[in-house]
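Let me begin by presenting the structure, written as structure tokens, before commenting on it.
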Amino acid sequence: MRLIYKILSRSEWDEAVSTGRYHGSPDDKHDGFIHFSTAEQVAGTLAKHFAGKTDLLLVAVDADSLGPSLKFEPSRGGALFPHLYGSLETAAALSVEDLPLGGDGQHLVPETIRSVSKGGA
């Protein structure tokens with residue numbers, strides 16, 4: 001199983017859960033796909049696109065379950081980022097976790113993400 005992650009607001013996720021599908025943020029819709037990050041990319045995505053934002057969630061999805069609509073494409077610094085061309089069934093979420101801000105103003109990511117981004121498991 002290859003986990004990928006979507007960072008989004010609680011209100012976006014709540015709306016998606018009410019319909020069973022997430023169709024993306026305004027940026028996703030503009031770009032024509034839903035932006036995801038790998039575990040190694042989450043911290044950088046938070047810093048670049050979500051700095052200081054509150055009430056965020058981290059949704060984990062099995063990349064392999066998304067089929068051919070998921071493509072890994074070059075983005076920031078040439079790194080391959082997962083992009084979903086289509087909507088996401090909310091039932092595909094394996095976990096949904098809060099991303100609170102710490103005292104230093106940085107988001108507190110789950111330990112499983114921190115260990116991967118530092119070269120751990």
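Shape annotation for segment 3-117: C-alpha extents along the principal axes are 39, 35, 26 Å, from largest to smallest.
Computing FRET efficiency as 1/(1 + (r/R0)^6) for ARG21 and PHE72, where r is the C-beta to C-beta distance and R0 is 22 Å, gives about 0.50. Think of segment 3-117 as a dipole: +1 on every Lys or Arg Cβ, -1 on every Asp or Glu Cβ, centred on the Cα centre; then among GLY78, THR38, TYR5, GLY78 lies furthest on the positive end.
Since every read-out is calculated from the coordinates, none of them should be taken as a lab result. Just so it is clear, the model here is predicted, and its values are computed rather than measured. Glycine gets a Cβ as well: all are built from the backbone with ideal geometry, and neighbour counts include every protein chain shown.
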